[in-house]
Amino acid sequence: MNYTVVDNIRFFDTPSACISSFERLSRWQKVASFVRSCVKAFFSALPRIFKFLNKPTPSEIRKCSHIPTLSSTKKKLIVCLHGLNGSTSQFSPIVNAMNHYDLSTTQIYIPPILKKGHATIDEMIQPIFKEMKNWLLGGAEKEVVLVGISNGARLASAINVELLKSETTKNALKKVHVISIAGAAQGSSLINVARKMHLCWLFSKPIAQEMPTDSARTQQLTQGLQNLPTSGIPHQYTFLASPHDWTVPNYSSTLMSMPQGVSTKYALIEGQDHCSITRTQAKAISQLACS
């Protein structure tokens, strides 16, 4: 089975090949992977509890947000989009790893997401897209890398579709690379289950309406992604997922199939949970974004 290796992670060309690679592990290897993921889930929860009890100062927020005016002289823009209920600090390990690369022609943009993700897709992406549009108008032959964690991957794909709606921004693009980390680009089946059990009141209204895998907004986003190969812009999608993801359990999102003509890579990271991939695979993610 063909695959490429990035920082000891095997990336496959199709979701099925990626899943089959994990399924071929022995029963005990799968059990060990599951146990490690449970341990990671426990320790991933501790920092979130600590951050809730000890809220960061305004200066700390500004430091990790990376929201200066975007420089139109930079040829490459890496946009980092945090997950639901997350914060810009989720990208601290990745940014630290990125600093080992030559970033002289690259700008990192880490905007806070409106209402921490509890808003509609359009409400969340518009202020980010506005900044990106102004940056793109500063020249041509520009490269965009969209790195999304969980719900942030859904926003990354939505921004990607938005970029291609305008001929002005489209003509300025040289390449688009979307990196999805435990992404929910096609919704989460967990929300589908919650809806069947009449538990949608546990979630905000925008999440309950737009996050189901069969929602109108999910279908609209999926349809928009089908047009990527005809845009004339080279697109690359890279997916990193966990086989033990309780938040976005459906591979249709975390290892989403892309239309023919879009370069794709897929990796299932053993022994990880939904939240730990960003921290433990920061080096590989930074390499993918900066290469």
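Read-outs: derived from the displayed coordinates by stated rules, not from any lab. These figures come from a predicted structure and were not determined experimentally. Every residue, glycine as well, gets a Cβ built from its backbone with ideal geometry; the counts of neighbours run over all protein chains shown.
Chymotrypsin sites (Phe, Trp or Tyr not before Pro) within region 64-140: which are DSSP loop residues with at most 16 other Cβ atoms inside 10 Å? Don't skip to the end; give the middle numbers.
Numbers: sites: 91, 101, 109, 129, 135; in loops: 101.
Answer in residue order: 101.
Excluding residues fewer than 8 places away in the same chain, name every one of the aspartates and glutamates whose C-alpha is closer than 19 Å to that of residue 133.
Of all the aspartates and glutamates, those that pass the test against residue 133 - Cα under 19 Å, at least 8 places apart if same chain - are 122, 123, 141, 143, 162, 167.
State to the nearest 20 debye the size of the charge dipole of the chain about its Cα centre, where the only charges are +1 on K and R beta carbons and -1 on D and E beta carbons.
Rounded to the nearest 20 debye, it is 460 debye.
Could you give me the ³J(HN,Hα) list for region 197-204, computed from phi with Karplus coefficients 6.51, -1.76, 1.60 and θ = phi - 60°, whole Hz, x at Gly and Pro?
Result, rounded to whole Hz: 8, 6, 10, 5, 5, 6, 10, 5.
So for the chain: antiparallel DSSP bridges make up what percent, rounded to the nearest 5?
Working: 4 of 34 bridges.
Percentage antiparallel, nearest 5: 10.
Express the relative contact order of region 193-291 as a whole percentage, based on alpha carbon pairs under 8 Å and six or more residues apart in sequence.
Result for region 193-291 is 23 percent.
If you count, for each residue, the other Cβ atoms within 10 Å and average over each peptide, how do 179-186, 271-278 line up from highest to lowest?
So the peptides 179-186, 271-278, ranked by packing, come out 179-186, 271-278.
Bin width 10 Å, alpha-carbon pairs only: give the P(r) of region 4-290 as whole percents, running from 0 to the bin holding the largest distance.
6, 29, 38, 22, 5, 0
Kindly point out which whole DSSP H helices in the chain project their C-alpha atoms 24 angstrom or further along the helix axis while averaging a Kyte-Doolittle hydropathy of -0.5 or above.
Sorted by number, the helices that extend far enough and score high enough are 27-53.
Ranking request for peptides 188-195, 76-83, 149-156, 226-233: highest mean number of other beta-carbon atoms within 10 Å first, then the rest in descending order. Present the calculation step by step, with values, prior to reporting the outcome.
Values: 188-195: 19.2, 76-83: 25.0, 149-156: 29.6, 226-233: 14.4.
The peptides rank, most packed first, as 149-156, 76-83, 188-195, 226-233.
Could you give me the ³J(HN,Hα) list for region 254-259, computed from phi with Karplus coefficients 6.51, -1.76, 1.60 and θ = phi - 60°, whole Hz, x at Gly and Pro?
6, 10, 5, 6, 10, x
Which pairs break 26 Å Cα to Cα here: 76/265; 40/116; 30/196; 75/115? Provide the component values of the computation, followed by the final result.
Numbers: 76/265 21 Å; 40/116 23 Å; 30/196 30 Å; 75/115 30 Å.
Violating the 26 Å limit, Cα to Cα: 30/196; 75/115.
Go through 137, 189, 225 and say which Cα lies farthest out towards the positive end of the charge dipole of region 4-290; charges sit on Cβ, +1 for Lys and Arg, -1 for Asp and Glu.
Value computed over the given set: 189.
Per DSSP H run of at least 4 residues, take -39500 (n - 2.57); add these up for the chain, divide by its residues and hand me the 222 nm value, nearest 500 deg cm²/dmol.
Rounded to the nearest 500, the figure is -13000 deg cm²/dmol.
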